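A quick write-up on the structure given underneath.
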Amino acid sequence: MRFDLVLTNGRVIDPSQNIDTVCDVAFADKKVAKIGEGLAEAADDVRDVSGKIVAPGLIDLHTHVYWGGTSLGIDAEHFARISGVTTSVDTGSAGPGNFHGFRQHVIEPSAVRVLAYLNISFAGIYAFSTRVMVGESEDYRLMAPREVAAVIEANRDVIVGVKVRIGRHTSGPRGITPLDSTLAAAEEVGLPVMCHIDEPPPTYEAVVDRLRPGDVLTHCFRPFPNIPYMRDGRVKDAVLAGRERGVIFDIGHGKGSFAFKTARAMLAAGFPPDTISSDIHTLCIDGPVYDQVTTMTKFLGLGMPLGEVIARSTIEAAKALNRPELGTLAPGAVGDASILSLKPGRVQLEDVEGEILEVDERLVADGVVVAGKWWHPSA
């Protein structure tokens, strides 16, 4: 069998198959064809990735990539180049009123995969900048469950769920009530909810209590107030019950939603996140987030093993999306891979509170494979 592309001599780390070894990965017909040794001789294109890590294509479960359509959107292709992300999941930048433009002008032309949670707000996230900040969930007139259901039915190939933002800054006097419309819409179309949480009201516990199995709570390791643990370090009962019930806890770092203090407490209590995501947008791409691999590096610095960090950005994210063809290098899977390195050198990483974590090495992206072909700005 001839292969379109072989990545040879890389350290293949695929948590979905419990693989961590030096070998080759072959691609054909836009899919993963084989993992093994000595595959390069049968390839039309061979890339020697000695000393590099070959992982399944990274999935960032929380991004904002409606570039040009919202003020917070970044370019998904640029993000893939700097971060090795082959699947960006946009989380509510667009609502049913402007999703069609998002699909036509961003999702369809993109060389890298873009999936989306559709915002319960008709207008999506429409007022997000350094000077103008209006929470779209504050105005209940914008809650649009009927329109959300209709748009999802017409776009099930790229829409993975319904997004709502809850908290003092995003739902204001409406509190938790926008979640009612979101759950109703999600139930109607049989998809999960992703729920943003910021400062109270409502409380962290109140939001988690409402979420169903498969729903995602993003910003799960946010700073005080509205934290998931108690003063003595124990994880709150509602949070433990949520995980037991099947709620997915996602990082969603962003401009204001990830604190080392919270992460240390939760990891010490034996409660790691289910997924690691960046919440990348225009107000955090120049810090404190920068990119997905920097977010992953922060967890390496907090003591999480490399394989677990990669799992939470590949197979675990794919499970949250109900997309088993993603997040794995199993033969027959989508032909996406991320080529990464652990670059030595002391680096200071900051959280949203300004706390600095010093690390001796960091993950960097060296290239990506998309649909079975080497995809890189210099290719």
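Can you confirm whether the stretch 241-250 contains a residue that is within 17 Å of the chain's Cα centre (by Cα) and closer than 19 Å to Asp351 by Cβ? Looking for residues that are within 17 Å of the chain's Cα centre (by Cα) and closer than 19 Å to Asp351 by Cβ, one finds at least one in the stretch 241-250, hence yes. Scanning the stretch 327-349 for residues that are surrounded by 15 or more Cβ atoms within 10 Å (Cβ to Cβ) and out of contact with any Lys or Arg (no Cβ under 8 Å at 6 or more places or on another chain) returns Thr328, Leu329, Ala330, Ala337, Ser338. Of the residues examined, Leu39 is not one that is of a type outside the set (S, T, N, Q), under 24 Å from Val162 (Cβ atoms) and out of contact with any Cys (no Cβ under 8 Å at 6 or more places or on another chain). Could you list, in sequence order, the residues of the stretch 36-49 that are outside any loop (DSSP other than H, G, I, E, B) and either within 20 Å of Thr328 (Cα to Cα) or in contact with a Pro (Cβ under 9 Å, 6 or more places away or on another chain) (or both)? Of everything in the stretch 36-49, those that are outside any loop (DSSP other than H, G, I, E, B) and either within 20 Å of Thr328 (Cα to Cα) or in contact with a Pro (Cβ under 9 Å, 6 or more places away or on another chain) (or both) turn out to be Gly36, Arg47.
Could you say whether any residue in the stretch 26-35 is in contact (Cβ under 8 Å) with a residue 40 or more places away in the chain, in a loop (DSSP other than H, G, I, E, B) and charged (D, E, K, R)? Yes, that holds for at least one residue.
Among the residues of the stretch 276-313, those that are touching a Pro at 6+ places or on another chain (Cβ under 7 Å) and either surrounded by 19 or more Cβ atoms within 10 Å (Cβ to Cβ) or β-branched (Val, Ile, Thr) (or both) comprise Met304, Ile310, Ala311, Arg312. Let me confirm something: among Leu349, Leu363, which residue is assigned by TED's automatic domain parsing to the domain that holds Asp20 and in contact with a Gly (Cβ under 7 Å, 6 or more places away or on another chain)? None of the other options fit; the residue is Leu349.
Rundown of residues vs (1) in contact with a Phe, Trp or Tyr (Cβ under 8 Å, 6 or more places away or on another chain); (2) under 26 Å from Asp291 (Cβ atoms), yes/no style:
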| residue | (1), (2) |
| --- | --- |
| Arg2 | no, no |
| Gly10 | no, yes |
| Phe27 | yes, yes |
| Gly36 | no, no |
| Ala40 | no, no |
| Val46 | no, no |
| Gly57 | no, yes |
| Gly73 | yes, yes |
| Ala76 | yes, yes |
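Restricting Val106, Val112 to residues that are of a type in the set (Val, Ile, Thr) and either out of contact with any helix residue (DSSP H, G or I) (no Cβ under 8 Å at 6 or more places or on another chain) or more than 11 Å from Tyr66 (Cα to Cα) (or both) narrows the list to Val112.
One line per residue, one yes/no per condition, for (1) surrounded by fewer than 23 Cβ atoms within 10 Å (Cβ to Cβ); (2) among the polar types (S, T, N, Q):
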residue	(1), (2)
Leu7	no, no
Asn18	yes, yes
Lys34	yes, no
Leu39	yes, no
Leu61	no, no
Glu77	yes, no
Ser110	yes, yes
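The values are calculated or read from the model by the stated rules, or taken from the named source; none is laboratory data. On a predicted model such as this, the values are computed, not experimentally measured, just so you know. Neighbour counts run over all protein chains shown; Cβ positions are idealised from the backbone, glycine included.
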